[in-house]
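The values are calculated or read from the model by the stated rules, or taken from the named source; none is laboratory data. What you see is a predicted model, and the numbers here were worked out from it, not measured in a lab. Cβ placement follows ideal geometry from the backbone for every residue including glycine, while neighbour counts extend to all protein chains displayed. Remember, those area values only see protein heavy atoms, side chains included, never the ligands or the DNA or RNA. Shrake-Rupley method; radii C 1.70, N 1.55, O 1.52, S 1.80 Å.
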Amino acid sequence: MVPSILAGLLAGVTLAGCSPGGTAPPRPQPATAPPAPRAAACEVPLPAAWGAVFAAGEYRPSGGRRPALADTGPGWTALQLTGDDGRRAVLVRDGETSPRTLLRFTDPVEHQLLAADFDGRRWAAFAVLEGRTLDSPWSLYVWDAATGRSRRLTRADRPGPLPRPVVHDGTVVWAQGTGTGKATVFAAPAGGGHARAWHTGVLDTPFAAGGLLVWREAEGAHTRPAALSLRDGRPAALPAPVAALRDIRALVSDGGTWAWVEGETEPRLMVWRAGEARPPWAAVTASPAADGMDQLRIAGRLVTWRTPETSYALDPGVGSYARIAPPYGYTAADGNALVLAYSLGNAKTAGARAVIQVVDVARLPALPRCG
């Protein structure tokens, strides 16, 4: 029986390998080699054209008020203004000459505008820190552009992630500590109604990435990225290279570009575009720009971050990055909006001037290429 079985198998191979006409089988094509890894980006001087665009976008509040940057997004910037008439949170919209007041603070010394989001039409959500340290209680408010009024949505007095509200399709989403070492992601209608608990775990501040709400969450001895759909709060899948990450230090995305910091002793800024066949790009390594990098943001085509000394922007399309802020300057970014904030003079002295510069990234030329 064995010889006949072998004969049948061999006959099958012969039939599969030759056509009835006797032509030779097609030769197997060699496997396509994976794309070669990109070289790390280089640091380049900031082009003079960038400085000119930033200078043209400077916001100068009236009445000698001192501005402090909180957040930005497409067509808007959230600032804190302090002057002789007290301290207030305001929304500065492109094309409007006067800022919209979100809230006048009852304590102009202790209270600080921490973060904000605006849907560009009607609803803004913003968080006010009620003390001078980041572990102070905070309150989350919703502002209605139709009425010009704000109402308090919640108050957090337990340890947890810093608030960074997300406004999506008339819903406000945020996370706050539960007092058990965990935090809960909540969602509430901006116009009023009960908050719903979407998820509870040991997690950091969530952020919007396209249609996803994304955060880092502890799982056993490690941390991993996790996501929910902003539409209904259901668990959502992350792209495979992002879902595979463990124990990264920071993560950001706009839904298309993903950037994160990995490595403890030798931190590296990694960048990956959705749909790319090549592995994530180690864009910034072994550089002062990588030391203590934090507050990653996506600004149009750029990836921005802050170090303890200054702020940087990476232009992945050309493979270079530049320092974009004076010492101790910082940035906020979202969509195509990029805001630079720094102080002229010692910020702790009366003679210092706070500078806020708002730009559309599309107006910035590409950074120079390496070499």
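Things worth noting here:
- Positions within the stretch 308-340 being within 17 Å of Val271 (Cα to Cα) and more than 18 Å from the chain's Cα centre (by Cα), in sequence order: Gly317, Val318, Gly319, Ser320, Ala322
- Scope the stretch 285-314; condition of a type in the set (D, E, K, R), in contact with a Pro (Cβ under 9 Å, 6 or more places away or on another chain) and at pLDDT 95 or above; matching residues: Arg301
- The one condition from (1) assigned to a strand (DSSP E or B); (2) closer than 30 Å to Ala146 by Cβ; (3) under 19 Å from the mean Cα position of the chain (by Cα) that Val252 does not meet is (2).
- So Arg132, is it under 28 Å from Ala208 (Cα atoms), of a type in the set (Lys, Arg), open to solvent by 40 Å² or more (accessible area, probe 1.4 Å) and in contact with a Gly (Cβ under 8 Å, 6 or more places away or on another chain): no
- Ala282 vs. criteria closer than 20 Å to Leu212 by Cβ, at pLDDT 95 or above and surrounded by fewer than 21 Cβ atoms within 10 Å (Cβ to Cβ): no
- Some residue of the stretch 22-43 being over 30 Å from Asp117 (Cβ atoms), open to solvent by 60 Å² or more (accessible area, probe 1.4 Å), modelled with pLDDT under 95 and of a type in the set (Ser, Thr, Tyr): yes
- Qualifying residue in the stretch 216-229 (condition: in contact (Cβ under 8 Å) with a residue 24 or more places away in the chain, surrounded by 13 or more Cβ atoms within 10 Å (Cβ to Cβ) and under 20 Å from Ala116 (Cα atoms)): no
For every residue, the table says whether it meets (1) surrounded by 13 or more Cβ atoms within 10 Å (Cβ to Cβ); (2) in a strand (DSSP E or B).
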| position | (1), (2) |
| --- | --- |
| Gly63 | no, no |
| Leu69 | yes, yes |
| Val90 | yes, yes |
| Leu103 | yes, yes |
| Glu110 | yes, no |
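- Residues satisfying the stated conditions in the stretch 250-265, i.e. open to solvent by 10 Å² or more (accessible area, probe 1.4 Å) and without any contact (Cβ under 8 Å) to a residue 40 or more places away in the chain: Glu262, Gly263, Glu264, Thr265
- Residue in the stretch 333-341 that is closer than 25 Å to Gly292 by Cβ, of a type in the set (S, T, N, Q) and crowded, with 17+ Cβ neighbours inside 10 Å present: no
- Those residues of the stretch 342-363 which are surrounded by fewer than 18 Cβ atoms within 10 Å (Cβ to Cβ) and either modelled with pLDDT of 95 or more or within 18 Å of the chain's Cα centre (by Cα) (or both), in sequence order: Asp360, Ala362, Arg363
- Residue in the stretch 71-88 that is farthest from Asp144 (Cα to Cα), counting only those that are surrounded by 22 or more Cβ atoms within 10 Å (Cβ to Cβ) and among the charged types (D, E, K, R): Arg87
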